[in-house]
Amino acid sequence: MHIVQRKKHEVGIMTENTTDWLDAAAVQTVLQNATEDAGRIRELLAKARELKGLSLEEVAVLSRVESPELVQELFDAARYVKEEIYGRRMVLFAPLYISNICANDCVYCAFRSTNKNISRSALGMEQIQRETSELVEQGHKRLLLVAGESYPASRGGFQYVLDAIAAVYQVTEKRGNIRRLNVNVAPLEVEQYRQLLEAGIGTYQIFQETYHRETYAAVHLSGKKRDFDYRVSALDRAMQAGIEDVGMGVLFGLHDWRFELLSLMQHIGHLEQTFGVGCHTISVPRMEPAQGAPMSEQPPAAVSDDEFRKIVAILRVAVPYTGIIMSTRESAQMRRDTYALGVSQVSAGSRTNPGGYTEGEAATGQFQLGDHRSLEEVVQELSNLAYLPSFCTACYRLGRTGQDFMDLAKPGLIRQKCDPNAVTTFQEYLIDFASSSTRAAGEQAIACELQRMDPKACRASEKMLNKILAGKRDVYC
């Protein structure tokens, strides 16, 4: 079994999982007081370039930006912050759906319990390993395991998820294996989160969907997911269990995006105050059509393309050291637009139905995809745009998580590790999986990256690259 190595320690703070920190009235007040003041906005964008983040009130002001000139200045600031911290790196991954069985009736999701027009399945361990093998053969090193929020009693309930994690890590193909498995599953108790940690997961990810209580009640008709407070306190329990890297997100389109953005900031602030570190990633899914979910066709608070770009840019300047994830819900063009606005991780070649990688997309997926390109097509585009595709999983395996990661990130030291690891994992991909045209574009991107590096990082990169070219694999620092 492939066991990932990380430091394991439990957070000493135990909370009551209260949600007093989520203050809708405060959000409404700061939004009402926020105006598009050009002078104030420029002051905030200058502050953002100091890479120290922004407050709730400051994010509210930026959310009011409308004039094309100020929007462009926001985008320029986001690009600056992104490149100062992440450089031109873009981490790649794929979702692995193991089940679409769900006990919740969420009106925006094809997996909703009342949808009778969907074939239900929970993959067996051999099927999960076949899916994993297919993804490894495409070149993936990092996956996100996703399951519907109900687990087969015949397979041990929650034990099914733990068995699936073990099954993924057991797969080793001639050209590699999965080195980091992140997990997106239903809210758990602290002891179950401890079990996830012991199973070797990377980031635990869960989306609140909407922070607006009335909207939340209206779109979650039945099932355990109706419990707003239990869901919103899930990350507290995960961090109490010792999971240091957690990911959050909002399903934009359910309620006013400004309210959701500020509530997300409250959630981040709560984690920072309670545990000393906020979320590791933020996802920005926008509601897309889903079979059997009529609301998904006409979102109650639809977010326009222009608004969506602003959301990404504001998040980047507000929480500079947090990874921003862009899924294949969005079109290739929208994903391309957001590369420069703050996105640091993208999925590629995704399927959102169990068995989708080996059996195709004939079965109903969780939602409609906007980008159907393969991993290699995305890699080639990134290379041609002078970005550096990265398959790195080093920080997780060396224990650079949670506060340890931030201690390196905030003074800018993490790039001494991340840049060389991105280069070497990309070179490994180019040798083992890429076509000749993709390899040519990728090696040009690597050459450009080496020129941008400081001398110390460049020397480390060249040393590791020589090992990759000599046939070694999984070389990292």
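The values are calculated or read from the model by the stated rules, or taken from the named source; none is laboratory data. Quick caveat: nothing in here was measured; it's all calculated off a predicted structure. No Cβ is skipped: glycine too gets one built from the backbone with ideal geometry, and neighbour counts run over all protein chains shown.
Considering only the range 87-105, I want to know if a residue exists there that is part of a helix (DSSP H, G or I), within 23 Å of the chain's Cα centre (by Cα) and not aromatic (Phe, Trp, Tyr). For the range 87-105, residues part of a helix (DSSP H, G or I), within 23 Å of the chain's Cα centre (by Cα) and not aromatic (Phe, Trp, Tyr): absent. Among helices (runs of 4 or more DSSP H) entirely within the range 305-366, having at least 2 residues that are closer than 15 Å to Leu382 by Cβ singles out 332-339.
A quick yes/no check of all residues on (1) surrounded by 21 or more Cβ atoms within 10 Å (Cβ to Cβ); (2) within 19 Å of the chain's Cα centre (by Cα); (3) touching a residue at least 24 places away in the same chain (Cβ under 8 Å); (4) in a loop (DSSP other than H, G, I, E, B):
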residue	(1), (2), (3), (4)
Tyr108	yes, no, yes, yes
Ser113	no, no, yes, yes
Ile118	no, no, yes, yes
Gln129	no, no, yes, no
His140	yes, yes, yes, yes
Val146	no, yes, yes, no
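Go through the range 390-407 residue by residue and tally those that are surrounded by fewer than 18 Cβ atoms within 10 Å (Cβ to Cβ) and over 19 Å from Asp474 (Cβ atoms). Show your work before the answer.
Just the residues of the range 390-407 that are surrounded by fewer than 18 Cβ atoms within 10 Å (Cβ to Cβ), to begin with: 398-399, 403-404, 407.
Adding the requirement that they be over 19 Å from Asp474 (Cβ atoms) leaves 403-404, 407.
Counting residues in the range 390-407 that are surrounded by fewer than 18 Cβ atoms within 10 Å (Cβ to Cβ) and over 19 Å from Asp474 (Cβ atoms) gives 3.
Against the test of being closer than 30 Å to Arg49 by Cα and touching a Pro at 6+ places or on another chain (Cβ under 8 Å), the options Val379, Val317, Val346 yield a single qualifying residue, Val379. All conditions in (1) aliphatic (A, V, I, L, M); (2) part of a helix (DSSP H, G or I); (3) surrounded by 15 or more Cβ atoms within 10 Å (Cβ to Cβ) hold for Ala25, with the sole exception of (3). Going through (1) buried (at least 23 other Cβ atoms within 10 Å of the Cβ); (2) assigned by TED's automatic domain parsing to the domain that holds Thr328 one by one, Gly355 falls short only on (1). Of the residues contained in the range 258-268, one or more are found to be in the same structural domain as Phe308 (by TED's automatic domain parsing), in contact with a Gly (Cβ under 6 Å, 6 or more places away or on another chain) and surrounded by fewer than 23 Cβ atoms within 10 Å (Cβ to Cβ).
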